[in-house]
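Only one structure is covered here, and it is reproduced in the block below.
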Amino acid sequence: MKENTYDFGRSFLRWTSMRIHHTPRLQVDATCTLIREGESKEYFLSARCTGETMYADKDLIHLPAYEFAMVCAPDEQYMFFKWYADARLNVIEMHRIGEAMTTHDGKGAPVIEMRVNMAHHARVRALETYDEIRQAILGDKILTARTEYLGADGKTQVVMNYPVKVCNIAHDRAHWLVDTGAVLLPDLSAKSDLPIGMLRMGYIVFNSWDWAEVILRKPDSKAMDKSAFTESRRLIAKNQILCAD
């Protein structure tokens, strides 16, 4: 599949906002494709930034500060997260393209387009052994990964693609461990007015080809927050590590 060759370092999400008529561009951190009854939809997670006042001469960073990330189905729907030190302030907000996103000043910003440009490596190869992973790590090779699993509903096939930003190798035994993110995956039990609302940011950890553990940011009513690391899962999954030579 062509998605296996994604070059995340050269892949970008960008949108145009009309309130101050500008275009933010964010690097793509991960993708997630949901496949059900022969239909598939791919979603894209941006890199994170902090909240800012655009094009001012001073006091650029919003206080209290937060991390911001965007998820989108290009030119259809978008969702953004804001993560504060105080998790009770966290925000998850979703819209259709053309609708306005809320802003720090309360005026809102209509988003008229949102596009993704995914670059590709010319060639990748699957790493299948400890020695191959070790050589790639010590050789500073570019690695991506792919994780596929059947969702908890028994109907939705989930395909995650993401760069391997962190990977560990042992020197005295043939063991390796991927511990990386951010990744994008669904919470299929989530209630949402838009399909994009079931997507969550998380991290993935695995040292096997047939299972993985993930930790998700999702709302937790008991803690009265709107998006904290509240759920870990073990997935029966097919993992691949891919090396771009």
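Nothing in this text is a laboratory measurement; each read-out follows from the coordinates by a stated rule. It should be emphasised that the depicted structure is a prediction, and the values quoted were computed from it without experimental measurement. Here the Cβ positions follow ideal geometry from the backbone for every residue, glycine too, while neighbour counts run over all protein chains shown.
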Take the Cα of CYS49, step 7 Å along the line toward its Cβ, and report every residue of the stretch 67-98 whose backbone nitrogen sits under 11 Å from that point.
68-70
Can you tell me the convex hull volume per residue for the chain, based on C-alpha atoms, in Å³ to the nearest whole number?
151 Å³
Most mobile listed residue (MET54, MET198, MET18) in the chain, GNM with C-alpha springs under 10 Å:
MET54
Lysine pairs within the chain, Cα separation less than 20 Å, 8 or more sequence positions apart or different chains
19
Could you compute the FRET efficiency for LEU194 and ASP172, with r as their C-beta to C-beta distance and R0 at 41 Å, rounded to 0.05?
0.25
How far apart, in nm, are the 7 Å Cα→Cβ label points at ARG96 and SER40?
2.6 nm
Using Cα springs under 10 Å in a Gaussian network model of the chain, which residue among ILE196, ILE61, ILE142 shows the largest mean-square fluctuation?
ILE61
Spin-label pair ILE236/HIS22, simplified geometry with 7 Å Cα→Cβ offset, distance in nm:
5.0 nm
Take the alpha-carbon positions of the stretch 2-117, form their convex hull, and give its projected area averaged over all directions (one quarter of the hull surface) in nm².
8.6 nm²
Where labels lie 7 Å past Cα in the beta-carbon direction, separation of SER208 and ILE61 in nm
4.2 nm
Normalised by the empirical 2.2 N^0.38 Å for globular proteins, what value does the Cα Rg of the stretch 124-244 take?
1.16
